[in-house]
Each structure stands twice: as structure tokens, then as C-alpha cells.
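Notes follow the structure.
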Amino acid sequence: FDVNSIADFYSWLRIGFLPLMVQHSWAYSESLQDGYNLVNSSSPFDAAQLPGQRAASDMGPNALPIRDDYLHYNRIVGGFRLRQERADSGWDLCRMPSTVPEAEWREWLGKPCTHAFPTYDLSPQIADAGTFAAPARVEWMLSAMDTVRMLQMKAVDMEDGCSHLVDKVSASPGDGVGGDGTCLCTTCAEGATSIGPWIDERTQRVEIAFVVFNWEYGLYSLVSVNFFFKRGGRIHKLVDIRSAWASSFLGSFWEVVVMVVCDIVWLFSLTWILVGEVKQVVKVIRSSKSHWYWSLWESYMEFWNTVDWISILVAYLLVALSFRTFLATQEVNGDFEHLKAIDMAAVSREGYTSAVEGFVEQVEIMCETEQLYRLSFMFYPMVVMLRLFKSFDAQPRLAVVTRTLVTATQDMIHFFIIFFSCYFCMMVNAVLLFGQDVEDFSTLGRATICCFRTLFGGWEYEDMRAVGLLQCASWFWGFIMILLLLLLNILLAILMDAYAVVQSSAQNQLSLPKQISEMLRRFRQTQLKQRVRLNDIWAAFFRAVGDEKDMLVAEAAPGFSPDTGGREEITPQVIISRVQKYMRVSVPMNQAKRGVSQALATLESKDFVPYMTADVHHHLELLQTLTRAVRDQIQGVANVMRCFDFSDENEGFLQEVPEEPEEDCTEHRMLVAEAVRGVVSSLADDIGSTLGREADMFLKRQKALEEAQAEMLVTARDAASTLERLRGRTDEIVRRLQQRALGGQRRAAGQAASAVSIATSVLAGLGGATCGAPKRAESDG
């Protein structure tokens, strides 16, 4: 049955909840008496005479059911706690139109308003049941001490506010209920001027909580049945069950051993990581010439090291929470043992109530600690995932995903600015359109989650359609078209473009199997003393320089040849001599050469930038710009020359020009010609160098293309030879099939010829027999 009013709550409590939960006698079916009547209608057996306890020899000496057993395998510990949250009341809490005089609306209302906080306007969540603001009117129904009738009478007193106490009589003698004027509701007058019903208009939440212990699993369960009284008149119901183990070491011997071994290995690995990080910090501080904080900031604080420390802190936080959970469980077990040892015949009601109350409070603390422990554990797999990405980053083929995200970071930042702007507008639109009718869109927080679900196909279209078919379709189409079909596909395009760039740069890198093979080769050679560890080579150079930052700096330094850019040139001989000097070990020449060549190849691969189509367009545009500049400068030179040039029509004018101006004009022409030659020479050099670089780039591309074409040609030749072999085999198969078909035809023709000859002979014999009869007849005649 559902609870929709205060009266329904008491009916459910008295008639439904208590008889089902508190079963101190053996339960029989409701229609058992009808079954007896059907079997023996003349003198049926009375089902009320059936025993309330049944003994079972294989279940121990006690009769069943044991007091407070629930569903055979659980036991209610102590009883039930009823408490409520109460709202404030006052005339100032009422929200009335300002145009109505206060005296009039007070007279019309007739009672002050009660403002609930929290309001519980929407459907409650599990988190709402896990917290309780200010407990009030706490009542205890002790099933371990009272009978079902006594608990039901207490529910009656809670409902009517202990009215007509003298007229209330016990249903059976010896119950100790009624007739003595005692009110079983001890808190009905709490917070009020007079005694009244336990639930009134100030009640905003009621909780019925009890602890159940399951001995089959060794599990404590705190069950709470919650009723949330909305100020709109509706009552929300929610059942919350929080459980915790009675011990962390329950189970079979081998299960416990495996769990303990795994815990020890995990703690050892965690400590190993911590020691390694501390050693690295100390090394960075000692090897740096700056202050310790600057050295850590510049040389140590990078993303992956931060991930390592976050994983360490989260892991040790989990260890601390695990120890806290263990202590809380031990407290509960101690209170449980004390509660079981209480002599029910000698203890007072107040003493037993206090013991049960302390036990339930300890169970609440244990369940909250265990829940916090689980929620904290939720973040640890995420940190472990980041550490896995750190490991993947060491292998170029595995690092494609992370490097794709890094490459597309800037584009994704700009994309998400647009995406969230559109998403927020559509979300607000959904709140305005569906908020009054669909609970999932009633607040911005709920609408954010619901719109995200809608984005990936999880929507309740029937609920949305109830608002209006046209309104729902308009919003739905716009949301899907803008966010899903347009923006999300643009995001995929951004990621695919970045992935193509990263993949092209990683295609020549070592694959994971080859890298594993390389590591195994190094390990075998190290064991056979055929190579020196790279850590020893690094240590030798570090001892020679003394500062890791100076080792890796790419700037020129005094004392080195200008031919090498002012830096030390590392050769195989340098490696051999330095390692021999500082580490007292000999590096094989082949290892030194291989290390230098691999380092050079790695450096060149880092400097290599793939030549894409966009680069071709860029260089062509640059060439066009330079060509236009040359054209403009040549046009300017031509204009200048035109100023000093004259046609044949002006020969008379030239004869009249004096000698000196003619010499000046010649000098100007020489200067102009020299300037033109300088400009043309400079432009020629620029064009030549640019075209040379472009030619070199195109030659490299052409060479790569030729190599690819050569590989394709080899592949095509292999494919042609394979096809030729297949063709030969096919022709052979066809020839054999034709031979078999021809042989079959010949055999069939032979069989047909033999059949024709046989038929001919048979017909001939028949013809002879037919023609011979008349002749015999004639001879007879």
C-alpha cells in the first residue's frame, strides 16, 4: 500500500510494517483456515490452535523462530528508531501578495506557516537519506523487549496524541498496556505547548531506522525508511540500506591469505614508488646550483611527476581511511557483544534503550566511514589510469593517444568555448520549456545531466512530448542538429586531424614487440658483460659535468670548438674514455657506435617536420610574393630609366645641350645602372636561394615518393607473380575438368550406342516374330 497522507502513514505502520517486521511466532499463510475447511468441511481444524513455535532438531535446541528473526537469515538488533525533522513556524514565513493587508490574510489563513529546510521539493536521492538535519521527537520501539501488541498500542498513542488513555485496555492480560493512564508516546509533547499527535504540520521528514545483522555473510545493515513531507502536500518515500562487514577477514582461509598477500604487495609497491620519488627529489636538489624550491620547480615539477605524487597521496589516504573503518568496525563489534550480553529479565527499559541507541549510533558512524572509504576508492582507479598513460608515453606507438590530445589541445579549447555556449543556451531553453512538467528539467543542475544524456541517446521522449508535440519537436530537432550532428562531428574532425599528424610522426618508431625484443637483448648482453648499462653511461657524464642542467643545455660554452657550435661533440671514443675514467668499466665499441647513431637518429626525428599539403601552399604563396616584389622593383627601375631616356625625335634638343650637363647625365645613368645591377643581383640571390631550398624539399619528397613507388612496384610484381601462379593452376584445373567432361561424354556416348544396338536387335527379333506368324498360317492353310 502507498502512503499519501498522515493517516496512511499510521495505517501502514500499525497494520503493515510492525506485523511483517516483528514476527515472534511461526507465520502461516492467510488462507490456511480455508484450506482446512476444504479438506474437512464437517469438522474443520481451527488454524488458531497451531503452535507458534516449532522445534527443529537439526537447527539446535531452541524453537523456531528465534525472537527478532527477519526473513530467516537476518536478525533485528534491539528495535526500531523513529525520529523526524521539524520545520520552523511563524507568520513571517508566509508568502502572501503585498496588496493584501496583513490582518486580513492572517485572519483568512488562521494558522502560521511552516517553512521546511531542506525543502525536499523534488524526488529525494540516496544522499538525502544519508543525512539528518536536526533529529526531533525520537521514539524507540523495542522489539527485543515488547510484543507486537505493545508496539501497535504505542503507534496508536503516537497517532491520537495519547487521547482516552483510561478507556484504552489491553487486548490480552499481562501486556502492561493501557488501563493505567500511561502514555506510550514519550515525545508527543516535545516542541509544543500541549500534548498532541506525533506527526503534525511542522513535520518535514520521518525516518524509521533499524539495524539488521546477517550471520550468513557477517554483515551489518542499517535500514532506514524515509518519508519526506513536501509543502505541496505530496509525501515522497525512500528506503535506504547501508551495509558494512563485521570484519575485513571473513571468508575461507585461502581467500583471506590471497587478500592479505595482495595488500602486502600493494603496500610494498606503494612504498617503493614513494622511496623512488624521494630519491629523485634529493638528486635534483643536490645536482642544482639554485635554491631547492627553484630547482624543484624548474627540473622536477612536471605533469607526470605530479601524477606520481597524487597517486601516492591518494593511496596513503586510502590506507588511513581503511584503518579508520577498521577501528569503527571494532567499536560496533564491542557494542554488539555488550548488547548480546544484557540480561533482558534484569535490565530496565531506560537502560536497554540507552544501550540500543548507542549501538545504532556506532553503526551509523561505521556506515558513514565505510561509505567515505568507498567514495575515496573511486578516485584511485582514475589516478592509476593516469599512471598507465605515463607508462604509455614511454613507447611512441602507445603514446599516440596522449600526444593526439596534446596536439589538439588548443583547437579543443576554442571548440569547447563554442560548444558550452550552445549547450548552456539549449539547457536554459529546456528548463523554460519542460521545467514545470518534467522533473529532470526542473533545475539547471538536473537539466545539465539530462541534456547530456539526451546528447548520447538517453531521453524520455514521452514525458517531453506531454508538454506539446510542436514545442518538443522544435527543441529536440534544434538540440540534435546543432550539438550532435554539427559540433560533435567537428570535435571528431579535430581529433582525427591531430591523430593523423601524430600517427605520421610515429610510424617510423619502434613497435612494442620490437622494443620488448630490444630490452631483452640489452638484458642478455648485460648479463654476459657484453654491454654497459645506460644508467652507468649517464652517471659518467654527470660526474664529469656535475650539473644535469648544464649537461642538457644546447647553448655554446667556452672551451669547445666553434665547428661544433660551441658544444662538446660526443663520439664513440669520448663515451669509451669517459665511462672508463669515471665508472671503471669498458664500453664495447659497437655499443658506443650504436648509441651515438641512435641518439643522432632520435635528434633528427625530433627536428623532422612532416611536409604537408599546407606547407606546399605556403611556400608557393611565398614564391608568388617574392615574384611580385621583383616585378614591382623592375617596374620601378624601368620608370627611372624612362626618365633619362629620349627618343629620336629629340635629337635637336640633344645638340643644344651643353657639354657639362651631358657629362652629368652620363654619370646619373651610370649610377642608376649600378643600382639596378645591385638590386637585380640581390633579388637573383634571394630567388636562387629560395628556389634552391624549394628544390631540395621537392627532391626529398620526390625521393620518398620514388621509394614508395619502388615498394609498390615490388608489391605489384609479387602480386603479378602470385596471379600468374594462380592462373596456371586455374588453367590446369580447367584442363582436367575438360578432360573429365570429355571422358564422361565418351562413356555416355558408348553407353548410348550399346543401348541403341541392343534396342535394334530386340526390335529386329520382335519384327521377325511378327512377320513369321502369317507365313505359318498360310502354310497351315
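Just one residue in the set 397, 387 is of a type in the set (Lys, Arg), open to solvent by 80 Å² or more (accessible area, probe 1.4 Å) and more than 30 Å from residue 184 (Cα to Cα); that residue is 397. How about the range 1-50: which of its residues are touching a helix residue (DSSP H, G or I) at 6+ places or on another chain (Cβ under 9 Å), aromatic (Phe, Trp, Tyr) and farther than 30 Å from residue 232 by Cβ? Result: 28, 36, 45. Sub-8 Å Cβ pairs linking a first residue in the range 280-292 that is in contact (Cβ under 8 Å) with a residue 24 or more places away in the chain and within 13 Å of residue 551 (Cα to Cα) to a second residue that is open to solvent by 30 Å² or more (accessible area, probe 1.4 Å) and not in a helix (DSSP H, G or I), at least 6 apart or interchain, are 287/546, ordered by first then second residue. Checking the stated criteria, residue 546 turns out not to satisfy the condition of being more than 25 Å from residue 589 (Cα to Cα), at pLDDT 90 or above and of a type outside the set (A, V, I, L, M, F, W, C).
The residues of the range 222-250 that are among the small types (Gly, Ala, Ser), within 26 Å of residue 13 (Cβ to Cβ) and touching a helix residue (DSSP H, G or I) at 6+ places or on another chain (Cβ under 9 Å), listed by number, are 224, 243.
Restricting attention to the range 422-443 and to residues that are open to solvent by 50 Å² or more (accessible area, probe 1.4 Å) and within 23 Å of the chain's Cα centre (by Cα), the residue that is modelled with the lowest pLDDT turns out to be 440.
Screening residue 226 on (1) in contact with a Gly (Cβ under 7 Å, 6 or more places away or on another chain); (2) surrounded by 15 or more Cβ atoms within 10 Å (Cβ to Cβ); (3) polar (S, T, N, Q) shows it passes everything except condition (1).
How many of the residues making up the range 240-260 are open to solvent by 90 Å² or more (accessible area, probe 1.4 Å) and either within 22 Å of residue 214 (Cα to Cα) or aliphatic (A, V, I, L, M) (or both)? Please lay out each step first, then the result.
Going residue by residue through the range 240-260, those that are open to solvent by 90 Å² or more (accessible area, probe 1.4 Å) are 241, 245, 249, 253-255.
In the following step, the residues that additionally are either within 22 Å of residue 214 (Cα to Cα) or aliphatic (A, V, I, L, M) (or both) were identified as 241, 245, 249, 253, 255.
Here the count works out to 5.
Residue 499 satisfies every condition listed in (1) over 29 Å from residue 408 (Cα atoms); (2) in contact with a Ser or Thr (Cβ under 7 Å, 6 or more places away or on another chain); (3) among the hydroxyl-bearing types (Ser, Thr, Tyr) except (1).
For the range 444-468, the set of residues classified as under 18 Å from residue 481 (Cα atoms), among the hydrophobic types (A, V, I, L, M, F, W, C) and open to solvent by 70 Å² or more (accessible area, probe 1.4 Å) consists of 452, 456, 459, listed by residue number.
Listed by first and then second residue, the pairs linking a residue in the range 104-116 that is of a type in the set (A, V, I, L, M, F, W, C) to a residue that is open to solvent by 80 Å² or more (accessible area, probe 1.4 Å), with Cβ atoms under 6 Å apart and 6 or more places separating them unless they lie on different chains, are 116/231.
Look at (1) at pLDDT 90 or above; (2) more than 30 Å from residue 317 (Cβ to Cβ); (3) surrounded by 15 or more Cβ atoms within 10 Å (Cβ to Cβ); (4) not acidic (Asp, Glu) and you find that residue 367 fails only one, number (2). Scanning the range 294-316 for residues that are open to solvent by less than 60 Å² (accessible area, probe 1.4 Å), under 26 Å from the mean Cα position of the chain (by Cα) and either on the phi > 0 side of the Ramachandran plot or without any contact (Cβ under 8 Å) to a residue 12 or more places away in the chain (or both) turns up at least one hit.
Among the residues making up the range 333-353, those that are without any contact (Cβ under 8 Å) to a residue 60 or more places away in the chain, loosely packed, with under 12 Cβ neighbours inside 10 Å and not in a loop (DSSP other than H, G, I, E, B) are 337, 340, 350, 351. For beta carbons closer than 9 Å, sequence separation of 6+ or different chains, a first residue in the range 732-758 that is outside any helix (DSSP H, G or I) and at pLDDT 75 or above and a second that is open to solvent by 90 Å² or more (accessible area, probe 1.4 Å) and of a type in the set (Asp, Glu), there are no qualifying pairs.
Applying the selection to the range 119-168, what residues are basic (Lys, Arg) and in contact (Cβ under 8 Å) with a residue 24 or more places away in the chain? Talk me through it step by step, then tell me what you get.
As a first pass, look at the range 119-168 and keep what is basic (Lys, Arg): 137, 149, 154, 168.
Across the range 119-168, the qualifying residues are 137, 149, 154.
Of all residues in the range 116-141, those satisfying the criterion of being open to solvent by less than 50 Å² (accessible area, probe 1.4 Å), farther than 22 Å from residue 196 by Cβ and aromatic (Phe, Trp, Tyr) are 120, 132. I'd like to check something: does the range 206-225 contain any residue that is in contact (Cβ under 8 Å) with a residue 24 or more places away in the chain, in a strand (DSSP E or B) and in contact with a His (Cβ under 9 Å, 6 or more places away or on another chain)? The answer is no; no qualifying residue exists. Within the set 264, 285, 241, the sole residue that is within 31 Å of the chain's Cα centre (by Cα) and within 30 Å of residue 311 (Cα to Cα) turns out to be 264.
Give 286, 231 a once-over and let me know the one that is charged (D, E, K, R), open to solvent by 80 Å² or more (accessible area, probe 1.4 Å), more than 30 Å from residue 359 (Cα to Cα) and not in a helix (DSSP H, G or I).
Numbers: 286 fails: not in a helix (DSSP H, G or I).
Testing whether each residue is charged (D, E, K, R), open to solvent by 80 Å² or more (accessible area, probe 1.4 Å), more than 30 Å from residue 359 (Cα to Cα) and not in a helix (DSSP H, G or I) leaves just 231.
So that you can scan it fast, the table gives a plain yes or no per residue for (1) closer than 30 Å to residue 359 by Cβ; (2) out of contact with any Pro (no Cβ under 9 Å at 6 or more places or on another chain); (3) modelled with pLDDT of 90 or more:
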site: 13; (1), (2), (3): yes, yes, yes
site: 19; (1), (2), (3): yes, yes, yes
site: 41; (1), (2), (3): no, yes, no
site: 49; (1), (2), (3): no, yes, no
site: 61; (1), (2), (3): yes, yes, no
site: 83; (1), (2), (3): yes, no, yes
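Just one residue in the set 506, 498, 473 is without any contact (Cβ under 8 Å) to a residue 24 or more places away in the chain, open to solvent by less than 30 Å² (accessible area, probe 1.4 Å) and of a type outside the set (Lys, Arg); that residue is 473.
Evaluated against (1) open to solvent by less than 50 Å² (accessible area, probe 1.4 Å); (2) assigned to a helix (DSSP H, G or I), residue 516 falls short on exactly one condition, (1). Elements of the type strands (runs of 3 or more DSSP E) sitting completely within the range 1-115 and holding at least 1 residues that are open to solvent by 60 Å² or more (accessible area, probe 1.4 Å) and under 17 Å from residue 148 (Cβ atoms): these cover 74-86. Does residue 726 fit the bill of being of a type in the set (A, V, I, L, M), modelled with pLDDT under 75 and surrounded by 10 or more Cβ atoms within 10 Å (Cβ to Cβ)? Here the answer is no, as residue 726 does not meet what is asked.
The values are calculated or read from the model by the stated rules, or taken from the named source; none is laboratory data. In this text the structure is predicted, and so the values were computed from the model without any measurement. Methodologically, a virtual Cβ is constructed for each residue, glycine included, from the backbone with ideal geometry; neighbour enumeration extends over all protein chains shown. The accessibility values were calculated without ligands, DNA or RNA, using every heavy atom of the protein model including side chains. Shrake-Rupley method; radii C 1.70, N 1.55, O 1.52, S 1.80 Å.
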